[in-house]
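Working notes, structure below.
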Amino acid sequence: MDFKLTEEQGILKKTVRDFMEKECNRDYVRECDEKEVFPEELFRKLTALGWLGLRVPIKYGGSEAGTMELAIFLEEVARVMLAAARIYYSLYLIGAHYISTFGNEEQKEFCLPLLVKNKIRFAFALTEPNSGSDAASLTTSAVLDGDEFVVNGQKTFVTGGKIADLILVMVRTDKTAEKRRGISMLLVDSRSPGITYRKLKKLGLWPVDLYEVFLDAVKVHRRNLLGGVNKGWEQVLKVLDHERFCLAAANVGGAQAVLEDAIKYCKERYQFGKPIGKFQMIREKLADIQLEVDAARLLTYRTAWMVGEGIPCSKESSMAKLFSSETYMRAAWKGVQIMGGYGYMMEFDMQRHFRDAKLTEIGGGTSEIQRLVIADNLGL
Ligand SMILES: Cc1cc2nc3c(=O)[nH]c(=O)nc-3n(C[C@H](O)[C@H](O)[C@H](O)COP(=O)(O)OP(=O)(O)OC[C@H]3O[C@@H](n4cnc5c(N)ncnc54)[C@H](O)[C@@H]3O)c2cc1C
């Protein structure tokens, strides 16, 4: 057993860290956040370095990085800008992963090289107004008419929706089957006639927009079916562990940033003639954040390793996702408290962590759902 990163992984971590600190400084992060601007410039630079294709097979222009490398990359991106890691995940990684895992040759050849060059973006539309945690109860329907599916329904909370080029839309293709067996996945052109969008205002993650998506008799050619008919739910389950460790890695990066900012502040802020880092109650908070960040990182790396080895790990991936998101939220809560009134001010970064961290306990399966998965694996 070895808890060290390999030499190459260590170099990757340092390279991504140096890149993010240089090319994505605090002013840029704040500007994207406050003005709700998509970090185009950052993604142009990530593209130039070939980092959009980490999950894409070499054959299609990617670098086919390992799962540990992906975790390290996402952690370091999130340490500087959580929103960038979430954008990477929602608009690039999900598309790359689903298409390289389930796509046919034509779909891979079309989508993956474009994705690596940042010429195509994806969004993932599973959630509906009446089906959130119970996602398999979705009702958006797709009925085959000749060579085309006709899609009707409504999706909500679609990260990137309108700014994506292709949306992976989960649809019901068999109303008579058991709910998990009648679902398929369609690649839908985001500008298709019949699609309209409503932008949703939200608490955090301001650099990327969130949409409700209305589908009114949208025609989708049958060649845009991803994987088999009625295989959609199976596909979602197959990639779930991978998605959870990626989200967990980003959460670890966010929590690490809180820790570093809080430590710096505690050395600079004097009250009662001492830096506040000398006060026992402040030190306790910092010790707890450090403890949890390390534990979350270990859970995340273990899951990344298991996924890479092909070892089933739904319990472990849920533990990593759950603990890392609650770690980030608790760290941000303590971070604001440590900074007192300044923590509450928009001109400091801690308030952004406070807002962004909350999403991590909800998106990608809520903490309650992760606990259900863990409990279901205890042989009760
Ligand atoms: C910013 C943001 C971005 C998102 N991006 C996307 C995206 O790109 N694509 C997408 O498809 N979705 C996306 N989502 C949706 C997200 O995955 C859902 O919000 C999440 O799965 C929860 O669903 P819900 O909001 O409908 O809550 P509900 O399922 O209605 O849950 C409400 C509460 O009940 C609890 N609960 C539900 N069922 C149980 C149970 N069986 N036992 C115990 N407690 C339970 C939940 O944990 C929660 O606390 C996003 C959400 C947000 C906020």
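With contacts taken as Cα pairs under 8 Å at a separation of at least 6 residues, the chain carries a relative contact order of 16 percent.
Phi-derived couplings, Karplus 6.51 cos²θ - 1.76 cosθ + 1.60 at θ = phi - 60°, listed residue by residue for segment 201-211: 7, 9, 5, x, 6, 5, x, 10, 7, 10, 9 Hz, with x used for Gly and Pro.
Expressed to the nearest 5 percent, the antiparallel share of DSSP beta bridges inside the chain is 85 percent. For segment 1-70, the extents of the C-alpha atoms along the principal axes are 45, 31, 16 Å, listed from largest to smallest.
In terms of the Cα gyration tensor, with a ≥ b ≥ c the square roots of its eigenvalues, is segment 7-120 rounded because a/c is under 1.5, prolate because a/b exceeds b/c, or oblate? Spell out each step's value before the answer.
On the way: a/c = 2.24, a/b = 1.43, b/c = 1.56.
It comes out oblate by the Cα gyration axes.
Length gain on complete extension for the stretch ARG44 to TYR197, per 0.36 nm per residue less the alpha carbon to alpha carbon distance? Spell out each step's value before the answer.
Numbers: separation 153, 0.36 × 153 = 55.08 nm, distance 2.59 nm.
Gain on stretching ARG44 to TYR197: 52.5 nm.
What residue among LEU54, LEU114, LEU237 has the largest mean-square fluctuation in a Gaussian network model of the chain, using Cα springs under 10 Å? Among LEU54, LEU114, LEU237, the largest GNM mean-square fluctuation belongs to LEU237. Annotation: lysines with alpha-carbon distance below 21 angstrom to LYS179 (same-chain offsets under eight excluded): LYS155, LYS231, LYS238.
For the chain, the mean residue ellipticity at 222 nm estimated from helices alone is -16500 deg cm²/dmol, where every DSSP H run of n ≥ 4 contributes -39500 (n - 2.57) and the total is divided by all residues, rounded to the nearest 500.
When the Debye formula is applied to the Cα atoms of segment 123-230, each taken as the same point scatterer, what base-10 log of I(q)/I(0) results at q = 0.15, 0.23 Å⁻¹? Here log10 of I(q) over I(0) equals -0.57, -1.27. Put simply, the Cα atoms of segment 233-376 extend 60, 25, 23 Å along their principal axes, the longest span coming first.
Please compute the Kirkwood hydrodynamic radius of segment 58-215 from all pairs of different C-alpha atoms, in Å with one decimal. Working shown, then result.
Values: mean 1/r = 0.0601 Å⁻¹.
Hydrodynamic radius (Kirkwood, Cα only) of segment 58-215 equals 16.6 Å.
Pairs of lysines in segment 1-70 whose Cα atoms sit within less than 28 Å of one another amount to 13, provided the residues are eight or more positions apart or on different chains.
Against the chain, whose longest principal axis is taken from its Cα atoms, helix 367-376 shows a tilt of about 70°.
Computed across segment 202-292, the Kirkwood hydrodynamic radius from all distinct Cα-Cα pairs reaches 18.3 Å. Ordered by the count of other Cβ atoms within 10 Å of each Cβ, fewest first, ARG297, ARG371 give ARG371, ARG297.
Any idea which of ILE374, ILE289, CYS266 is furthest toward the positive side of the dipole for segment 233-376, if Lys and Arg beta-carbons carry +1 and Asp and Glu beta-carbons -1? Result: CYS266. Largest first and in whole Å, the equivalent-ellipsoid semi-axes of the chain read 36, 21, 21, each the square root of five times a Cα gyration tensor eigenvalue. Tally Lys/Arg at +1 and Asp/Glu at -1 over every other residue whose Cβ is under 13 Å from the Cβ of ARG269; what's the total? Surrounding charge for ARG269 is +2.
If you rank MET281, MET306 by fewest surrounding Cβ atoms within 10 Å, what's the result?
Numbers: MET281 9, MET306 18.
Ascending Cβ contact count within 10 Å gives the list MET281, MET306.
For segment 233-376, the relative contact order is 31 percent, taking Cα pairs closer than 8 Å that sit 6 or more residues apart in sequence and dividing their mean separation by the residue count.
Every read-out reported here was derived from the displayed coordinates using simple, explicitly stated rules and does not represent laboratory data. Note that the structure is a prediction, hence the values are computed from the model and not measured. Every residue, glycine as well, gets a Cβ built from its backbone with ideal geometry; the counts of neighbours run over all protein chains shown.
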